[in-house]
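Written out below as structure tokens is the structure these notes cover.
Please treat every number below as a calculation from the coordinates, not as lab data. Only a predicted model underlies this, so the values are computations on that prediction, with no experimental measurement involved. In this analysis, Cβ positions are derived from the backbone assuming ideal geometry, glycine residues included, and neighbour counts consider all displayed protein chains.
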Amino acid sequence: MLTIAFALVFFYAPNDADQGFIFKIFYVHVPMAIVALFGFVAGAVFAALHLRSQDSKWDMRSYVTIHISVILAVGVLVTGSIWARASWGHWWIWDEPMLVSFLIVFLLYATYWPLRFSIEDKEKQSRYASVFAIVAGAFVPLNFAAVRMAESFTHPQTATTTTSAPPSVTLTFLVALAGMTLLFITLCKYEMASKHATFRLRALRRRLAGDEDELALNGRSAAPQL
Amino acid sequence: MRGSSVFAVPDPVPALALRGAGRRYGERAALRDLTLELEAGRTLVVFGPNGAGKTTLLRMLATLLRPHAGEVSVLGHQLPDEGYAVRGRVGFLGHEALLYRELSGRENLRFHARLHRVGVQRVDEVLDAVGMTARCGDPVAELSRGMVQRLAIARAVLHEPDLLLLDEPLANLDPAAAAQVAPLIGAGSGRTRVVTSHDPAGGLRGADLALGLKGGRVALLAPAAEVDPGQIAELYR
Amino acid sequence: MRSTVAALLSKELTLEWRTRESVPAMVLFSIATYVVFHFGLDRDRVTGDLASGVLWVTLLFAAILGVNRLFVAEYEQGGFDGFLLAPVDRTALLVAKALTLFLFLCIVEVVAVPAFALLLLGPPLTQALPELVLVLLLANAGIAVLGTLVAGLAIQTRARDLIVPLIALPLLVPVLLAAARCATPLLQDGGAGALPADWLAILAIYDLLFALIAYAVFDFLLED
Ligand SMILES: Nc1ncnc2c1ncn2[C@@H]1O[C@H](COP(=O)(O)OP(=O)(O)OP(=O)(O)O)[C@@H](O)[C@H]1O
Ligand SMILES: [Mg+2]
């Protein structure tokens, strides 16, 4: 899985080398944004499954997808800002709905960790985090729609102008999107495995300490536990 | 039905039935592997040093905490799934009075009466029964600890619950007040009761079954008549 | 359900009347903010989009004050347990709290909006009063629903006062956006413009969607 993902990610880079240098970032920026969006929505779906099943496995999945999506959102902001600088000469432009929405979404999701961290009881923590993930997940598309509408009202011409792209661009874009999706899934898998390992290690360490009763020795953490 | 008495046809379903019940807080087990049955109309007294799990047990029976292990059935209903059927039929008296400090005693009780769909005249009835009629217009914040406890008792029995869950009910009460509330929450109330206590002799009096907890585990479970206060004192060592 | 909501609501209003914790603070905060805006912007009067922005940002921050306090009495004085022990629908608490916040906001605006007109607003408030009231009511509904949800989310956290604005502000951006766009033509110089119907619709849809979401998830905030 990991090899396929990386193969694809490396594969698309030479593909867009013949496009303009600035336009190249489009292949990173847009797929990243789309994948991050779906990641947030997936986090909400996992959270809903967690609330329904009371199974902490889903909380872990929700946590990890949100974690990676926020990292991608930062990537979207950075690449978007570079793109804006290159094409408009400003590091930040308020006319670009994608960028503005991502800033708002990023600000919202940045509270996910403080929220988790400041609830002491583990089960409450996961339940509240799931409620947050659902609310925020529903917010993402709504916010997008609202911001997009605000911008298209002031600048009618920036409304989605889907000019027919040459097939090479479409193809590269689709490959880039697939690559980004695979990268996302791989990162989630990797993060999940590492969380598992940390947890197992901690459990083993506790058993070595030979203390079955006082299980709450480890420090507080914002990550869910299985 | 509300206020069913012991003299009615004996209920074939036990008021409480726990099998292997357990509860954690995070990773710390507060209660584990508790198995017991209590017939309707009987009294269970729970002993144990601080942190033994008494409050945890009572809150679990009151549907405020969900059990993490085993089966818990209260008044014939399985928890947590049928919690809605149990709520309103238990009277819970915890460490906290569950009264708003800025509202008066009467306002608090009226609020609870409306939540439980009980008539207003019942509020005056219980206020009188706990001897708080004179001071029931004062904000709870201005009352003494014992007075607040009396109001809390009034709140717990307001809706004539079938099962009383009493966490150290006589804390802060003077002897006269303790005698005064006995018809409401004492052995003579005719209700099924679960009472926690730190007083071996006083706790055993009027109890049918005695449970001793220590570190969340059952250290003693026997008919109260067969338990010697010395055994209870042993728990605290 | 209705009688439970009525019981909760009357308790809520009695408590606020006794303690005067939220509404006076929100009113004072709004007026102080107008004064700050006067000096910050160095303007004696504002109109149009600037007026709309000043009005909504102020009301939004004042609302956050109320949201912060919404569940504090329940959490600290055992109100949650008392409610959970009663044989009632748990959604009643969501409805009662949202109504409480809605009423608080309306009361605050009865004072704060005329104060705004007096202190900063250029054109007369009366030029589009019914439309403005409609926008205020719709925005209040959105703030009340989201505020109740956020207050419920944050009540168990240690850093409640910090978490509430951090979650509430991004979530309320669309409300602010729609409300400000709606109010802009109402506050412009030289006669009020038409109320933008599409933004009004967006505000209403946003309110409705989050009311449904809050209804779906609120019970989970009350479980042990
Ligand atoms: N909210 C909580 N969060 C975490 N741990 C808790 C919580 N409540 C109780 N505990 C733990 O559960 C254990 C049992 O507590 P519990 O309150 O049931 O004891 P208790 O028998 O009622 O004690 P006391 O006689 O002091 O009232 C204790 O170890 C306590 O630290
Ligand atoms: Mg206790």
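Skipping prolines and chain starts, which residues have an amide H placed within reach, meaning under 5 Å, of the one on B:T192, given they are 5 or more residues away or on another chain?
Under 5 Å from the amide H of B:T192 lie the amide H atoms of B:G41, B:L164, each far enough along the sequence or on another chain.
What is the Cα centroid distance between the stretch C:15-33 and the stretch B:123-164, reported in whole angstrom?
That distance is 32 Å.
Starting from the Cα gyration tensor of the protein assembly as shown, take the square roots of the eigenvalues, sort them a ≥ b ≥ c, and report rounded, prolate or oblate (rounded when a/c is under 1.5, otherwise prolate if a/b is larger than b/c, else oblate).
Values: a/c = 2.98, a/b = 1.51, b/c = 1.97.
It comes out oblate by the Cα gyration axes.
Count the DSSP beta bridges whose two residues both fall in the stretch B:16-234, then state the antiparallel fraction as a percent rounded to the nearest 5. Walk me through the intermediate numbers first.
On the way: 22 of 39 bridges.
In the stretch B:16-234, approximately 55 percent of DSSP beta bridges are antiparallel ones.
Sequence-distant or interchain residues sharing an amide H contact under 5 Å with B:Y25, placed H: which?
B:A30
From the backbone phi of the stretch B:180-187, what are the Karplus-calculated ³J(HN,Hα) couplings (6.51 cos²θ - 1.76 cosθ + 1.60, θ = phi - 60°) in whole Hz, Gly and Pro given as x?
Along the stretch B:180-187, the couplings run 5, 8, 3, x, 7, 10, x, 4 Hz.
What does the average come to when, for each residue of peptide B:104-111, you count the partner chain Cβ atoms lying within 10 Å of its Cβ? Before the final figure, lay out the partial values.
Details: counts 2, 0, 0, 5, 3, 0, 3, 10.
Whole-number average of other-chain Cβ neighbours for B:104-111 is 3.
Based on the mean of other Cβ atoms within 10 Å per residue, sort peptides B:147-155, A:133-141 so the most packed one is first.
Values: B:147-155: 24.9, A:133-141: 23.1.
The densest-packed peptide leads the list: B:147-155, A:133-141.
Quick one: 3J(HN,Hα) in Hz for the stretch C:64-74, Karplus 6.51/-1.76/1.60 with θ = phi - 60°, rounded, Gly and Pro as x.
4, 4, x, 4, 4, 8, 4, 10, 5, 5, 5
Please sort A:64-73, A:95-104, B:21-30 by packing, taking for each peptide the average over its residues of neighbouring beta carbons within 10 angstrom, highest first.
A:64-73, A:95-104, B:21-30
What value does chain B have for Rg/Rh, both radii from Cα atoms and Rh as Kirkwood defines it? Working shown, then result.
On the way: Rg = 17.3 Å, Rh = 18.1 Å.
Checking Rg against Rh, the ratio lands at 0.96.
Using a Cα-Cα cut-off of under 20 Å, which lysines could be cross-linked to C:K11, ignoring same-chain neighbours fewer than 8 residues away?
C:K11 reaches C:K97.
Check B:V46: other-chain or 5+ apart residues with amide H under 5 Å from its amide H, H built from backbone geometry?
B:V195, B:T196, B:S197, B:L211
Residue by residue through the stretch C:44-52, which ³J(HN,Hα) values in whole Hz follow from phi under the Karplus form 6.51 cos²θ - 1.76 cosθ + 1.60 (θ = phi - 60°), with glycine and proline marked x?
Calculated HN-Hα couplings, in order: 8, 9, 10, 9, x, 5, 5, 4, 4 Hz.
I'd like the distance separating the alpha-carbon centroids of the stretch A:181-197 and the stretch C:165-198, in whole Å.
Here the answer is 42 Å between Cα centres.
Say R0 is 45 Å: what FRET efficiency, to the nearest 0.05, do B:V13 and B:Q121 get from their beta-carbon distance?
Working: r = 32 Å, r/R0 = 0.71.
FRET efficiency, B:V13 to B:Q121: 0.90.
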